[in-house]
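This report refers to the structure that appears directly beneath it.
The values are calculated or read from the model by the stated rules, or taken from the named source; none is laboratory data. Just so it is clear, the structure is predicted and the values come from calculations on it, not from any experiment. Methodologically, a virtual Cβ is constructed for each residue, glycine included, from the backbone with ideal geometry; neighbour enumeration extends over all protein chains shown.
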Amino acid sequence: MDLINSPEKLQQLKTTLVNQKKAKLKLEHEGGRIQVKVSMSTCGIASGAGEVKDFFEEKLDLENINADIVSTGCMGYCYAEPTVEITLPGGEPVIFSNVDMVRAGELVNDFIKERKSAVNTIPHKSRKPGGAVEKGKQYRIALRNCGFINPEDIREYIAAEGYDALRMALTEMTPDEVIEVVKKSGLRGRGGGGFPTGLKWELSAKAECRNEKFVVCNADEGDPGAFMDRSLLEGDPHSILEAMALCGYSIGSNKGVIYIRAEYPLAIERLKTAITQAKETQLLGSDIMGTGFNFDIEIRYGAGAFVCGEETALIHSMEGLRGEPGVKPPFPAEKGYKGEPTNVNNVETFANIPLILLMGAEWFSKIGTEKSKGTKVFALAGKINNVGLIEVPMGMTLREVVFDIGGGIRGDRQFKAVQTGGPSGGCLTVKHLDTPIDYENLIENGSMMGSGGMIVMDEDDCMVAVARFYLDFTVEESCGKCAPCRIGNKRLYEILDKITLGKSVKDDLSGLRNLASVIKETSLCGLGQTSPNPVLSTMDNFYDEYKAHVIDGDCPAGQCRALMRYVIDPHLCVGCTLCMRVCPVDAVSGEKKQVHSIDTSVCIKCGACIEKCKFGAISLQ
């Protein structure tokens with residue numbers, strides 16, 4: 001591709017690409033080529049999308065069918081991967097779910113060749129003015145290009161108004177004017193804390209530096225069940241590069257760093273490709289678009305430490321130091337990477353920036369609630385039918401997310417709770433279903449927005465065990481720098497472990513609350529300060545479950561095996577002796593053709609007897 005050495009050249013190229021796209025669409029509409037888009041994200045590839053894409057290429061070529069096969073990022077339908085979007089001449093795009101090799105063959109023969117009616121499809125998503133995408137109750141701003149464009153082709157990003165915001169800023173706006181637009185938009189950091197993005201940029205711009213300032217993209221996504229940033233980088237890497245360059249122009253920085261965990265190989269590969277293409281076309285590097293502005297980006301790898309999602313720990317890791325948080329102030333905006341002013345935003349925050357500049361602050365600020373503007377991306381996971389990536393306006397209720405977008409609970413089970421904010425968040429329950437989702441409401445109800453993980457639980461989940469799971473994660477990921485987190489969370493986990501093993505005493509309940517409060521008030525960083533949230537929120541909302549474990553020695557959800565016992569139903573047991581023969585500790589006794597019994601003091605609850613029993617006579621109670 002030729003150098004884009006002037007703003008006019010970018011406009012000319014965009015016009016050419018858009019016209020080419022229109023011509024191709026006209027050709028497709030009038031009976032020419034077919035377009036097949038395959039979701040080639042991590043979830044799609046893991047489900048076999050690569051083989052499906054290869055099949056379409058070979059089969060359509062063999063059948064002499066004119067077709068364009070396009071790889072895209074995640075379409076958001078992780079529960080339905082591999083997903084394939086097919087546009088026939090004269091028709092509208094149709095998205096097909098769970099397309100394996102057999103299904104792909106059927107689509108070629110029935111849908112493409114025979115033009116039979118489409119079945120097992122997913123509702124299509126439509127673009128709105130400015131590039132945002134409307135999909136049912138979803139409104140996609142950060143995810144606007146994911147599933148639409150080939151993330152490895154810069155021309156497709158440019159055709160979708162890519163780098164237009166950067167061109168406009170460099171030629172028509174001062175750095176202060178760019179910051180003012182971001183401030184007026186009301187955009188808040190999407191990484192967890194919700195700090196006003198424009199204010200953070202302003203502080204970085206005003207800070208004095210010795211040598212140079214830095215723009216850092218935090219792509220160290222570590223919450224269990226979270227995959228928002230990964231999907232964004234896999235599906236639309238150029239939007240992050242453009243936003244970082246905009247930030248650099250605004251605060252007076254010529255250097256950007258993307259800190260990403262090494263466990264994201266596909267995202268890293270596509271970032272590298274995007275950076276190379278942007279440099280080759282003069283949209284990154286020296287003298288961007290001939291405007292005299294220089295901005296370069298490099299990638300740094302993290303080793304998967306959850307604490308490095310905290311900005312000061314992340315900066316220490318980038319410097320080759322131990323990934324431990326530092327005392328604030330000074331904040332990174334004043335003294336960060338290499339002791340210089342450093343602006344740190346996460347992937348989703350940056351993804352909003354180009355469209356905010358193009359559409360204006362007022363447009364963005366009209367979306368969402370009074371204090372929480374815009375949209376939020378969530379990774380919807382757990383006991384829910386439609387697992388996937390969603391983006392909704394701030395203020396949408398939890399009920400709409402879980403039941404309208406998420407499709408309700410798997411297996412027609414009952415909704416019990418949803419954990420938002422990962423290990424730093426808390427559980428919301430049935431009484432919270434009609435609560436509008438925004439920063440303030442989640443905190444008020446004992447949880448938090450976090451980066452956007454949303455794990456749904458049903459009636460079979462034990463909330464004590466859930467709290468223990470998150471504490472186990474936090475203990476493992478603690479950097480160990482401060483005693484409240486290093487020691488306190490370990491003690492907190494041990495109490496929870498005792499409760500689930502049936503070894504606790506009544507005083508443990510008050511001990512949990514007291515210790516959790518101390519940890520919250522005295523820990524050094526956000527990881528330690530919020531780590532007791534899963535314990536406190538489950539105790540607030542499911543205290544009866546805690547009491548049942550401690551006082552009654554019972555797990556109401558039937559998940560804590562130490563509190564359960566294997567029993568044999570005398571009405572169903574026929575005395576076949578199979579259970580007795582497979583028991584590794586000789587806990588089962590009885591004569592042949594006589595009802596057997598289990599010595600619960602000896603039983604290790606391995607489950608071998610249940611697996612062998614052909615009559616369903618053994619159960620865990």
Q. If you go through the stretch 603-621, how many residues are more than 13 Å from Met564 (Cα to Cα) and either surrounded by fewer than 15 Cβ atoms within 10 Å (Cβ to Cβ) or among the basic types (Lys, Arg) (or both)?
A. 5
Q | strands (runs of 3 or more DSSP E) wholly inside the stretch 413-492 containing at least 2 residues that are within 24 Å of Gly304 (Cα to Cα) | A | 415-420, 453-458
Q | Residue in the stretch 593-609 that is farthest from Leu501 (Cα to Cα), counting only those that are at pLDDT 85 or above and in contact with a helix residue (DSSP H, G or I) (Cβ under 8 Å, 6 or more places away or on another chain) | A | His596
Q) Out of Val178, Val215, Val182, which single residue is in a strand (DSSP E or B), β-branched (Val, Ile, Thr) and in contact (Cβ under 8 Å) with a residue 12 or more places away in the chain? A) Val215
Q | Selection within the stretch 92-117 - touching a helix residue (DSSP H, G or I) at 6+ places or on another chain (Cβ under 6 Å) and either assigned to a loop (DSSP other than H, G, I, E, B) or modelled with pLDDT under 90 (or both) | A | Ser97, Asn98, Val99, Lys116
Q. Could you list, in sequence order, the residues of the stretch 228-261 that are assigned to a strand (DSSP E or B), over 18 Å from the mean Cα position of the chain (by Cα) and hydrophobic (A, V, I, L, M, F, W, C)?
A. Val257
Q) Going by the conditions given, is Leu266 more than 28 Å from Pro393 (Cα to Cα) and in the same structural domain as Phe331 (by TED's automatic domain parsing)? A) yes
Q: State which residue pairs qualify: first residue on the phi > 0 side of the Ramachandran plot and inside the stretch 248-261, second residue modelled with pLDDT of 95 or more and basic (Lys, Arg) in any location, beta carbons under 9 Å apart, and separation of 6 or more residues or different chains.
A: Gly252/Lys213
Q | Residue identified as surrounded by fewer than 23 Cβ atoms within 10 Å (Cβ to Cβ) and not β-branched (Val, Ile, Thr) among Ala169, Ala160, Ala165, Ala219 | A | Ala160
Q | Listing of helices (runs of 4 or more DSSP H) fully contained in the stretch 493-576 that carry 1 or more residues being under 20 Å from Thr420 (Cβ atoms) and touching an Asp or Glu at 6+ places or on another chain (Cβ under 9 Å) | A | 526-530, 533-541
Q: Could you check, for the stretch 236-251, whether at least one of its residues is at pLDDT below 95 and of a type in the set (Gly, Ala, Ser)?
A: no
Q: Mind telling me which of the residues Lys371, Lys376 ends up being charged (D, E, K, R), on the phi < 0 side of the Ramachandran plot and assigned to a strand (DSSP E or B)?
A: Lys376
Q) Among the listed residues Leu10, Leu107, which satisfies the condition of being touching a strand residue (DSSP E or B) at 6+ places or on another chain (Cβ under 8 Å), surrounded by 13 or more Cβ atoms within 10 Å (Cβ to Cβ) and of a type in the set (A, V, I, L, M)? A) Leu107
Q: Name every residue in the stretch 525-537 that is within 21 Å of Val430 (Cβ to Cβ) and either free of Cβ contacts under 8 Å to residues at least 12 places away in the same chain or of a type in the set (Ser, Thr, Tyr) (or both), in order of residue number.
A: Ser537
Q. Residues of the stretch 97-153 being of a type in the set (Ser, Thr, Tyr) and out of contact with any Phe, Trp or Tyr (no Cβ under 9 Å at 6 or more places or on another chain), which ones?
A. Ser126, Tyr139
**Q.** Exclusive hit being of a type outside the set (Lys, Arg) and more than 26 Å from the chain's Cα centre (by Cα), set Asn64, Asn98
**A.** Asn64
(Q) Let me confirm something: among Val102, Val70, Val119, which residue is outside the structural domain of Gly407 (by TED's automatic domain parsing), more than 30 Å from Gly189 (Cα to Cα), surrounded by fewer than 19 Cβ atoms within 10 Å (Cβ to Cβ) and touching a residue at least 60 places away in the same chain (Cβ under 8 Å)? (A) Val70
Q: Please work out if Glu269 is out of contact with any strand residue (DSSP E or B) (no Cβ under 6 Å at 6 or more places or on another chain) and buried (at least 24 other Cβ atoms within 10 Å of the Cβ).
A: no
Q | Matching option when the condition is exposed (fewer than 15 other Cβ atoms within 10 Å of the Cβ), without any contact (Cβ under 8 Å) to a residue 40 or more places away in the chain and under 30 Å from Gly488 (Cβ atoms), among Asp540, Asp586, Asp552, Asp599 | A | Asp552
